[in-house]
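Beneath this line is the structure, given in structure tokens, with notes to follow.
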Amino acid sequence: MNPIKTCIFPVAGLGSRFLPATKSIPKEMMVVVDKPLIQYAVEEAKAAGIERFIFVTSQGKTAIEDHFDSCPMLEMALRARGKVQELSLIEDIKLNPGQAIYIRQQAPLGLGHAVLCAQELVNEDAFAVILADDLVLADHPCLQQMTQAYSPLEGNMVGVMEVPYDHTNRYGILKTSQDADGQKIIAEAVVEKPAIDQAPSRIAVIGRYILNSQIFQHLRTQKPGAGGEIQLTDAIQAMIPRGLCGFRFQGQRFDCGTKEGWLEANMAFAYADPQLKDHLKAMLDKYHF
Ligand code: UTP
């Protein structure tokens, strides 16, 4: 049985790499094909058996709350017009009463600080964190793969993938000495955004975590790290004596916090959609891509 029932969604960042799109629209509400990023994230969490959804928001992010709430006027109008399919689409998005919890990070002090903001709401030994702007296209949802492989005895678990050496300065990077079964990697250390010539490997952490709630003790006293922010990676590093397992997920990850990654995600998700695939191919032909 999956013991992970709570997931934190930090959605309080500035999204400055995607301005001006994110000036008044939360980055996590950016749409890939036909759904906002945060909906993909919540669907992934639901598929993994998550029952409590904690959103760490900030000013200007109320569109996220509205997205998972009832919308009586729209529902009434769709019902009156017999738009049954559209109605079920928006009804499926809703989270049940009490399932969604919204709290605010009052200043964008970093991902670690955003997670710390949720500490009073986490009652379990372990919980998940999903960064919605890291979108994963997979046959089996990424967090589900992780919860199935998770063992508390191995310590914290992070989703990982290999990146080119010249990209290592964009990620938390694992230091490893053994590669247990290829899918699980026992880490000796994790370094946030190392200089390229100092990266201990090419194994990069993506925005999927299963963390022991003792992480809050470390986050409470954590000093700002890379970029002057309270880094989640630094708290994970402080817990290394309790173990850190990198999990090589099956699937393709897109950094939708950047224009390039978002564009690529749209292509890949459209291509994976049987109703859009042929249209996409025809469109690429039309423009001689
Ligand atoms: P990013 O590192 O992508 O930062 O955050 P950002 O501020 O959103 O975007 P840029 O770098 O300015 O373009 C990764 C995730 O952590 C959340 C973000 O909302 C995103 O989901 N985050 C980051 C917070 O919730 N609070 C923070 O202080 C920083």
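Quick one: which residue in Ala132, Ala128 is within 16 Å of the ligand (Cβ to nearest atom), in a loop (DSSP other than H, G, I, E, B) and not acidic (Asp, Glu)?
Details: Ala128 fails: in a loop (DSSP other than H, G, I, E, B).
Testing whether each residue is within 16 Å of the ligand (Cβ to nearest atom), in a loop (DSSP other than H, G, I, E, B) and not acidic (Asp, Glu) leaves just Ala132.
Mind counting the residues in the stretch 1-26 that are open to solvent by 20 Å² or more (accessible area, probe 1.4 Å) and modelled with pLDDT under 95?
13
Can you say whether Arg170 is within 15 Å of the ligand (Cβ to nearest atom), at pLDDT below 95 and open to solvent by 40 Å² or more (accessible area, probe 1.4 Å), as far as the supplied structure shows?
yes
Within the bounds of the stretch 47-69, is there any residue that is open to solvent by less than 30 Å² (accessible area, probe 1.4 Å), among the hydrophobic types (A, V, I, L, M, F, W, C) and more than 26 Å from Met146 (Cβ to Cβ)?
So far as the stretch 47-69 goes, no, none of its residues is open to solvent by less than 30 Å² (accessible area, probe 1.4 Å), among the hydrophobic types (A, V, I, L, M, F, W, C) and more than 26 Å from Met146 (Cβ to Cβ).
Working only within the stretch 100-124, note down all residues that are more than 12 Å from the ligand (Cβ to nearest atom) and surrounded by 14 or more Cβ atoms within 10 Å (Cβ to Cβ).
If we filter the stretch 100-124 for residues that are more than 12 Å from the ligand (Cβ to nearest atom), which is where we start, we get 100-102, 119-124.
Across the stretch 100-124, the qualifying residues are Ala100, Ile101, Tyr102, Gln119, Leu121, Val122.
With the structure loaded, tell me whether Ile240 is β-branched (Val, Ile, Thr) and either open to solvent by 60 Å² or more (accessible area, probe 1.4 Å) or under 27 Å from Val42 (Cα atoms) (or both) or whether it fails that test.
no
So which residues in the stretch 93-137 are of a type in the set (Asp, Glu) and touching a residue at least 24 places away in the same chain (Cβ under 8 Å)?
Glu124, Asp125, Asp133, Asp134
What number of residues within the stretch 24-82 satisfy the criterion of being within 15 Å of the chain's Cα centre (by Cα), in a loop (DSSP other than H, G, I, E, B) and under 12 Å from Phe9 (Cβ atoms)?
Qualifying residue count, the stretch 24-82: 2.
The values are calculated or read from the model by the stated rules, or taken from the named source; none is laboratory data. The shown structure was predicted, so the numbers you read here are calculated from the model rather than taken from an experiment. With ideal geometry, Cβ positions are generated from the backbone for all residues, glycine too; neighbour counts draw on all protein chains shown. The accessibility values were calculated without ligands, DNA or RNA, using every heavy atom of the protein model including side chains. Shrake-Rupley method; radii C 1.70, N 1.55, O 1.52, S 1.80 Å.
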